[in-house]
Amino acid sequence: MSRDAETDAPAVRELSEATVERIAAGEVITRPARVVAELVENALDAGADRVDVSVDGDGTERVRVADDGRGMAREDAARAVEPHTTSKIRAADDLREATTMGFRGEALAAIADAGDIELVTSDGSPVGTRVTITDGDKRIEDAGRARGTTVVVTDLFGDRPARRESLASPAREFGRVSELLTAYALARPEVAFSLEHDGRETASTPGTGLRDALVALYGRETGGESTAVTHRSGVDLADRAANLAVEGRLCYPSTTRSTRDHVHVAVNGRPVRDDALRRAVARGYGSLLPSGREPVAVVRIDLPAWAVDPNVHPAKARVAIRGADAVADAVETGVCEALTTADLRRSGEVAMDLDSSLAPVEGTDSEFADATVLGVFRDLYVVCEAGDDLLVVDQHAAHERVNFERLRTALSDEAVPSAALDPAETVTLDPPTAAAVEEHREDLATLGFSVDPFGGTTYRVTAVPAPLGRVADAAALCGVAADLRDSGGRGGTDALREALLADLACHPSLKAGDALDRETAGRLVERLGECDQPYACPHGRPTVLSVEASTLADGFERHGSR
Ligand code: ADP
Ligand code: MG
């Protein structure tokens with residue numbers, strides 16, 4: 001596309017001042033991940049089927065993005081690195097309906113300003129072009145290259161010590177790149193992406209659709225256990241009718257995370273961090289999620305271009321949507337419908353471990369000491385009489401709470417004991433979570449995990465936490481590492497230890513459905529009553545509902561005679 005077909009003008013042109021003024025202003029390149037984002041967007045706009053990203057160190061050393069898109073003719077390449085030059089819009093009015101990822105014509109110039117840039121490109125003609133800008137000096141030469149574009153950025157922020165200073169550790173900065181690449185790869189699953197850090201491949205997607213991308217990034221246990229959502233509707237967006245399409249994949253609610261960061265939303269192919277839309281996805285899961293837990297999901301929304309203004313945020317991380325509430329409602333409906341029809345059986349074998357955890361704790365008063373078990377309803381709920389109240393105890397939640405508090409007391413200040421896994425098992429993590437494992441190796445060791453890199457984002461787990469003979473499985477690493485990633489290590493290992501113990505407490509607990517005799521049920525209720533926080537399981541779900549006698553009296557219209 002070197003020349004405009006009708007006018008024979010060069011494809012990349014300088015924008016008018018009036019247009020430039022209407023572009024959301026702000027510093028474009030604030031950290032290495034921003035360089036990657038802009039270069040990846042350019043590759044996608046060029047129609048690439050493959051995008052390969054590699055990063056050295058924290059990204060200031062070197063970032064390289066190569067694509068197999070349509071490339072540039074020489075004069076376009078030379079012009080593209082100048083400020084406010086673009087092939088994507090012509091005039092200010094085009095901004096409103098831009099369907100490309102880029103439209104501001106400032107990314108390459110801003111990158112060249114912040115570091116040294118080398119761009120090698122070919123539009124398929126016999127001789128390609130190399131444009132280099134080093135310390136502001138631009139050179140243009142011949143270069144051999146198949147159709148496509150490679151941009152290498154080195155010495156980023158070399159002359160901006162303050163910027164450099166503001167960067168986090170290499171692991172953290174790479175973590176941001178990794179999160180970003182995950183977001184693009186899930187928003188554009190028909191494109192194959194790969195990511196390398198210091199020469200080691202940490203992630204790749206095959207470009208064969210969303211399910212494959214989700215499995216590639218989140219592993220088979222999480223990504224494979226998912227269901228498709230496809231929902232089409234006509235909606236009224238601020239008094240204008242629009243067709244809206246929602247499609248994506250929803251991981252089963254047996255996999256959850258502590259934050260909403262794993263709800264990936266894209267609008268018209270652009271990944272966006274939009275809290276309202278993420279909330280809508282979580283609302284669609286409704287009560288399938290335990291309280292305080294968030295789903296893993298990808299939702300791609302397609303709207304007419306007029307309904308979306310991408311020009312509201314300097315880093316294009318947000319878009320303005322006309323009739324945003326109606327769009328959020330449609331997303332919630334689509335997610336909810338998809339999950340209603342999906343097979344949500346929870347997987348996982350459960351060991352029984354009653355005796356050790358139901359032995360009495362010396363010298364503690366039980367909140368439910370006066371409770372008498374009346375029976376067990378549907379092998380799920382223990383029904384008790386306690387003074388004036390009728391108590392209904394969720395046996396599974398109760399057992400989790402009891403196990404959790406015992407583990408916590410037993411381990412109060414020590415490192416979590418660990419047991420060797422023989423044979424060792426491998427666990428594949430999504431790239432940002434893998435980055436968190438790299439960053440928090442020592443924390444993981446105090447939590448009882450021994451973990452070695454095993455290529456890509458796969459790790460060999462050679463030892464697992466094993467407090468009180470309760471041995472975690474290798475997959476527990478996923479949960480702990482995800483919590484590490486989401487908290488960025490804030491709250492230290494204490495918070496992580498609590499989360500880990502909560503998960504361990506959960507695994508070997510009674511699952512709803514295991515038959516309990518009345519005596520065992522009685523011991524369970526008594527032990528629950530001895531807990532510091534008897535009214536919620538370690539993940540925050542309630543353990544006990546109580547029905548007052550007066551409620552029953554009201555229900556049976558026994559007024560006055562209680
Ligand atoms: P914008 O993307 O907003 O147009 P950029 O500074 O990012 O601005 O890029 C300027 C121009 O350079 C683009 O409009 C496009 O024509 C061209 N360009 C940049 N990167 C690529 C690429 N990877 N492949 C083909 N063309 C590219
Ligand atoms: Mg761009």
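Odds and ends about this structure:
- No other residue among GLY334, GLY323 is crowded, with 16+ Cβ neighbours inside 10 Å and at positive phi apart from GLY323.
- Residue match in region 210-229 (condition: within 25 Å of ALA328 (Cα to Cα), modelled with pLDDT of 95 or more, more than 15 Å from the chain's Cα centre (by Cα) and small (Gly, Ala, Ser)): no
- Selection status of LEU108, within 30 Å of VAL299 (Cβ to Cβ), within 16 Å of ligand 2 (Cβ to nearest atom) and in a helix (DSSP H, G or I): no
- Among residues of region 134-151, those that are touching a residue at least 12 places away in the same chain (Cβ under 8 Å) and either within 16 Å of ligand 2 (Cβ to nearest atom) or among the charged types (D, E, K, R) (or both), counted: 10
- Of all the residues in region 95-112, those that are of a type in the set (Gly, Ala, Ser) and more than 7 Å from ligand 1 (Cβ to nearest atom) number 3.
- Subset of region 62-74 that is within 8 Å of ligand 1 (Cβ to nearest atom) and more than 27 Å from the chain's Cα centre (by Cα) - its residue that is surrounded by the fewest Cβ atoms within 10 Å (Cβ to Cβ): ARG70
- Filtered by the rule that a residue be open to solvent by less than 40 Å² (accessible area, probe 1.4 Å) and either within 6 Å of ligand 1 (Cβ to nearest atom) or touching a helix residue (DSSP H, G or I) at 6+ places or on another chain (Cβ under 7 Å) (or both), region 77-94 gives ALA80, VAL81, THR85, THR86, SER87, ILE89, ALA92.
- Of all residues in region 172-187, those satisfying the criterion of being of a type outside the set (Phe, Trp, Tyr) and closer than 15 Å to ALA203 by Cα are GLY175, ARG176, VAL177, SER178, GLU179, LEU180, LEU181, THR182, ALA183, ALA185, LEU186.
- Flag if GLU385 is outside any loop (DSSP other than H, G, I, E, B), of a type in the set (Asp, Glu), modelled with pLDDT of 85 or more and under 25 Å from ASP517 (Cβ atoms): yes
- Applying the criterion of being closer than 23 Å to PHE157 by Cβ and open to solvent by 20 Å² or more (accessible area, probe 1.4 Å) to the residues of region 111-132, the residue that is nearest to ligand 2 (Cβ to nearest atom) is ASP113.
- Looking only at region 114-141, residues that are more than 11 Å from ligand 1 (Cβ to nearest atom) and either among the charged types (D, E, K, R) or outside the structural domain of ALA183 (by TED's automatic domain parsing) (or both) come to 8 in all.
- Condition check for VAL131: touching a residue at least 40 places away in the same chain (Cβ under 8 Å), farther than 23 Å from ARG318 by Cα, under 30 Å from the mean Cα position of the chain (by Cα) and assigned to a strand (DSSP E or B): no
- On inspection, ARG558 fails the criterion of being assigned by TED's automatic domain parsing to the domain that holds ALA369 and modelled with pLDDT of 80 or more.
- Test: residue in region 516-525 that is within 39 Å of the chain's Cα centre (by Cα), at pLDDT below 80 and not assigned by TED's automatic domain parsing to the domain that holds ARG293: yes
- Within region 195-220, tally of residues that are touching a residue at least 24 places away in the same chain (Cβ under 8 Å), within 17 Å of PRO271 (Cα to Cα) and not in a helix (DSSP H, G or I): 1
- ARG164 vs. criteria of a type outside the set (S, T, N, Q), more than 9 Å from ligand 1 (Cβ to nearest atom) and under 30 Å from ASP430 (Cβ atoms): yes
- Only listed residue being at pLDDT below 95, over 24 Å from the mean Cα position of the chain (by Cα) and assigned to a helix (DSSP H, G or I), chosen from ARG172, ARG164: ARG164
- Residue that is nearest to ARG300 (Cα to Cα), among those in region 209-231 that are open to solvent by 60 Å² or more (accessible area, probe 1.4 Å) and touching a strand residue (DSSP E or B) at 6+ places or on another chain (Cβ under 8 Å): THR230
- Residue match in region 47-61 (condition: within 15 Å of ligand 2 (Cβ to nearest atom), out of contact with any Pro (no Cβ under 9 Å at 6 or more places or on another chain) and open to solvent by 10 Å² or more (accessible area, probe 1.4 Å)): yes
The values are calculated or read from the model by the stated rules, or taken from the named source; none is laboratory data. Source: prediction; values computed, not measured. FYI the Cβ positions are ideal-geometry reconstructions off the backbone, even for glycines, and counts take in every protein chain you see. Calculation scope for accessible area: heavy atoms of the full protein, side chains included, ligands and nucleic acids excluded. Shrake-Rupley method; radii C 1.70, N 1.55, O 1.52, S 1.80 Å.
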